[in-house]
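The values are calculated or read from the model by the stated rules, or taken from the named source; none is laboratory data. Here the structure is a predicted model, which is why all the values come from computation and not from measurement. With ideal geometry, Cβ positions are generated from the backbone for all residues, glycine too; neighbour counts draw on all protein chains shown.
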Amino acid sequence: MRSALLSTALLSTAPLFFCTAAFAAGSPWLAREFTDDWNAPGTGIEAFLNGECRPSGLDGIQTFAVQKGHGSEFHVHIYCRRDKAASATYHVSMVPVDRTNLDSVAQSWAIKPRVRLGPFHFGREGESDGLLVIERQ
C-alpha cells in the first residue's frame, strides 16, 4: 500500500519536476496546452513552435499529454525554449499507429536525427491511435 502511494505521488509530481527543471535552465521557456486542437491552422502546435518560440533545435522542445483513454480529450502540453531562431522550422504531424504495432512505428521515427517523438494519442473507437511527431525541416 505504501509503495503504491509513493508511486502515485511520484507520477503526479513528475510534470512539475520537469517544468521546474526546464525553466531553471536559464533560457526563457514558454508553455502552452492544446486540447484536441493541436493541428488547428495558425494556432496549433506547429504555429506555436514556428511563430512564437522558434527553438534553435529539438532540444528546445519538450512534450507530454494527458488523456483518459479512447475517445476522450487529448491535452498536449508543449514546452519550448524561446530562441527566436530564424533558421529552424518544424513540421508537426500525427502518425497513425496500429494498436498492436506501437514499438515498430515509434522505432522507425526515433532513429531519425531530426525528429522528436511526442505523446501517444488514443484514437476514437474505430479509428487508429497516433503518435505525435515533430520534425525539424
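Evaluate the range 96-114: report whether one residue or more is among the hydroxyl-bearing types (Ser, Thr, Tyr) and either touching a Cys at 6+ places or on another chain (Cβ under 9 Å) or in a strand (DSSP E or B) (or both). No: zero hits.
Would you check if residue 58 is at negative phi and surrounded by fewer than 16 Cβ atoms within 10 Å (Cβ to Cβ)? The answer is no for residue 58.
What is the residue count in the range 111-124 for residues that are over 14 Å from the mean Cα position of the chain (by Cα) and free of Cβ contacts under 8 Å to residues at least 40 places away in the same chain? Going through the range 111-124 one residue at a time, the tally reaches 3. Under the condition of being surrounded by 13 or more Cβ atoms within 10 Å (Cβ to Cβ) and among the small types (Gly, Ala, Ser), the residues counted in the range 84-97 number 3. Reported count of residues in the range 62-83, each being β-branched (Val, Ile, Thr) and surrounded by 20 or more Cβ atoms within 10 Å (Cβ to Cβ), is 2. The single condition among (1) touching a strand residue (DSSP E or B) at 6+ places or on another chain (Cβ under 9 Å); (2) not in a strand (DSSP E or B) that residue 133 does not satisfy is (2).
Of all residues in the range 25-49 being out of contact with any His (no Cβ under 9 Å at 6 or more places or on another chain), of a type outside the set (Gly, Ala, Ser) and over 25 Å from residue 98 (Cα atoms), which is modelled with the lowest pLDDT? Restricting to residues being out of contact with any His (no Cβ under 9 Å at 6 or more places or on another chain), of a type outside the set (Gly, Ala, Ser) and over 25 Å from residue 98 (Cα atoms), the top hit is 28. Here the condition is being modelled with pLDDT under 95 and of a type in the set (Gly, Ala, Ser); of 69, 57, it holds for 69 alone. Would you check which residues across the range 40-72 are among the β-branched types (Val, Ile, Thr), outside any helix (DSSP H, G or I) and under 18 Å from residue 130 (Cα atoms) and list them? Of everything in the range 40-72, those that are among the β-branched types (Val, Ile, Thr), outside any helix (DSSP H, G or I) and under 18 Å from residue 130 (Cα atoms) turn out to be 63, 66. Residue 100: surrounded by fewer than 17 Cβ atoms within 10 Å (Cβ to Cβ), more than 16 Å from residue 131 (Cα to Cα) and among the β-branched types (Val, Ile, Thr), yes or no? It is false that residue 100 is surrounded by fewer than 17 Cβ atoms within 10 Å (Cβ to Cβ), more than 16 Å from residue 131 (Cα to Cα) and among the β-branched types (Val, Ile, Thr).
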